[in-house]
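Peer 1: Please find one structure pasted underneath; my questions will follow.
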Amino acid sequence: MLSIATQYYQLFLCQAICVGIRAGIVFTPSVAAAVACLPDPATRAKAMGLMACGSSIGGIIYPLMFRSLLHRVGFPWAIRSIGFVALALYIISYLALYKNKQKPPAVRRFFDKTALTDAPFMALCISLFSSIAYYIPLLYLPLLTKIKIPSISSDLVFDLIAILNGASAIGRLLAGLAAAVIGPTETIALSLLFGSIILFCWIAVDSVAGTIAWAVFWGMISGVLVALPGAFIPLFCPSLGVIGTRSGIYWIWIGLGMLVGSPIGGAIYQERGPREDSWYLQVFAGVSMMVAAVLTVYPIVHLRRKAGRG
């Protein structure tokens, strides 16, 4: 559909509507299915980190693949080629999930109402909603880099996203290992804290080497935030039967945060001026991430008291 789109509304329907619905339908059940097969928390955390590396690898390959094919075969066939690769990978993942499918003993509820009265779980959801700055570096890093460093090459600006995604894969692997040692919720909280510090440091970056280093550090932190939800959500579930529904609730909160975060960032960027006051956007990103880190304290305290550790 995207390969034959020629109007804005067609692009909107393909990318914003169809791709968004597809992502929600595929992602949450896949994570829930993997979690249900791994009852041990330490093993689950490592597996989630390994699973999350797939999207980082795609974030490296797809942009480079698109740029290469765009000049060779044009936009339509570049998009179709990416679609064929995705189709092949979907078939493999479907066969893997189908082989291990388990029928539930009874029909489960579509929506878990108890989640709304579970204060620690809702606090965790709100904390991740507050991390509305997650996509701001991904969207604005090339733009702000070109403004701050006019001499930087356009190819390197484009490659910054691939560098960020490559570092994200490392962060996702390390996230699983760290979560197995100190706990997934604690790992998320520390990542949010360090993420806010890194976002504040973004203000001072004004060189090519500094930008690349910053992209690596932020990529690693952002990888942790993507990798661990599947590992810590079961800790807030009364039974494995509600993992899927609570995962959906959790990702709704994250989705809403990401939905409003980037437009707010764009409004700040436009209002304050692209050259003199671009740091307002970076401060907004850092503050929102800091708020998210603070809000994770209550769920951590709850889990520690429940486990008798404090």
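Peer 1: Go through (1) touching a residue at least 60 places away in the same chain (Cβ under 8 Å); (2) more than 18 Å from the chain's Cα centre (by Cα); (3) assigned to a helix (DSSP H, G or I) for Pro238 and report which single condition fails.
Peer 2: Only one criterion is unmet by Pro238, namely (3).
Peer 1: Search the stretch 271-286 for residues being at pLDDT below 80 and in a helix (DSSP H, G or I), and hand back the single one that is nearest to Ser196 (Cα to Cα).
Peer 2: Arg272
Peer 1: Val291 versus (1) modelled with pLDDT of 85 or more; (2) crowded, with 20+ Cβ neighbours inside 10 Å: which is the lone unmet condition?
Peer 2: (2)
Peer 1: Within the stretch 96-121, take every residue that is assigned to a helix (DSSP H, G or I) and surrounded by 10 or more Cβ atoms within 10 Å (Cβ to Cβ) and give me the one that is modelled with the lowest pLDDT.
Peer 2: Leu97
Peer 1: Only one residue in Ala123, Ala180, Ala115, Ala133 is among the small types (Gly, Ala, Ser) and more than 20 Å from Ile243 (Cβ to Cβ), so which one is that?
Peer 2: Answer to the check: Ala133.
Peer 1: Tell me, which residue of the stretch 166-213 that is of a type in the set (S, T, N, Q) and surrounded by 20 or more Cβ atoms within 10 Å (Cβ to Cβ) is nearest to the chain's Cα centre (by Cα)?
Peer 2: Here the answer is Ser168.
Peer 1: Pairs only if they're at least six apart or on different chains, beta carbon under 9 angstrom, first in the stretch 138-166 and farther than 23 Å from Cys53 by Cα and charged (D, E, K, R), second surrounded by 18 or more Cβ atoms within 10 Å (Cβ to Cβ) and at pLDDT 85 or above; list them, first residue then second.
Peer 2: Short answer, once both residue conditions are applied: Lys148/Val205; Lys148/Thr211.
Peer 1: Could you list all residues from the stretch 51-84 that are free of Cβ contacts under 8 Å to residues at least 12 places away in the same chain and either farther than 20 Å from Ala169 by Cα or touching a Cys at 6+ places or on another chain (Cβ under 9 Å) (or both)?
Peer 2: Ser68, Leu70, His71, Arg72, Val73, Gly74, Phe84
Peer 1: Also, quick follow-up: Hey, any hits in the stretch 207-217 for a residue that's over 23 Å from Gly59 (Cβ atoms), out of contact with any Leu (no Cβ under 9 Å at 6 or more places or on another chain) and without any contact (Cβ under 8 Å) to a residue 60 or more places away in the chain?
Peer 2: Looking through the stretch 207-217, at least one residue is over 23 Å from Gly59 (Cβ atoms), out of contact with any Leu (no Cβ under 9 Å at 6 or more places or on another chain) and without any contact (Cβ under 8 Å) to a residue 60 or more places away in the chain.
Peer 1: On to the next question. Test of understanding: among Ile161, Ile170, Ile203, which residue is in contact with a Pro (Cβ under 9 Å, 6 or more places away or on another chain) and assigned to a helix (DSSP H, G or I)?
Peer 2: That would be Ile161, the only listed residue that is in contact with a Pro (Cβ under 9 Å, 6 or more places away or on another chain) and assigned to a helix (DSSP H, G or I).
Peer 1: When residues of the stretch 1-21 are filtered for being outside any helix (DSSP H, G or I) and either among the charged types (D, E, K, R) or over 18 Å from Pro76 (Cβ atoms) (or both), how many remain?
Peer 2: 0
Peer 1: Does Arg80 meet the test of being among the charged types (D, E, K, R), surrounded by 10 or more Cβ atoms within 10 Å (Cβ to Cβ), touching a Phe, Trp or Tyr at 6+ places or on another chain (Cβ under 9 Å) and modelled with pLDDT of 65 or more?
Peer 2: So Arg80 fails the test.
Peer 1: Next question, about the same structure. I'd like to know if the stretch 234-243 contains one or more residues that are aliphatic (A, V, I, L, M) and closer than 25 Å to Ile161 by Cα.
Peer 2: no
The values are calculated or read from the model by the stated rules, or taken from the named source; none is laboratory data. Note that the structure is predicted; figures quoted are calculated from it, not measured. We place every Cβ from the backbone using ideal geometry, glycine too, and count neighbours over all the protein chains shown.
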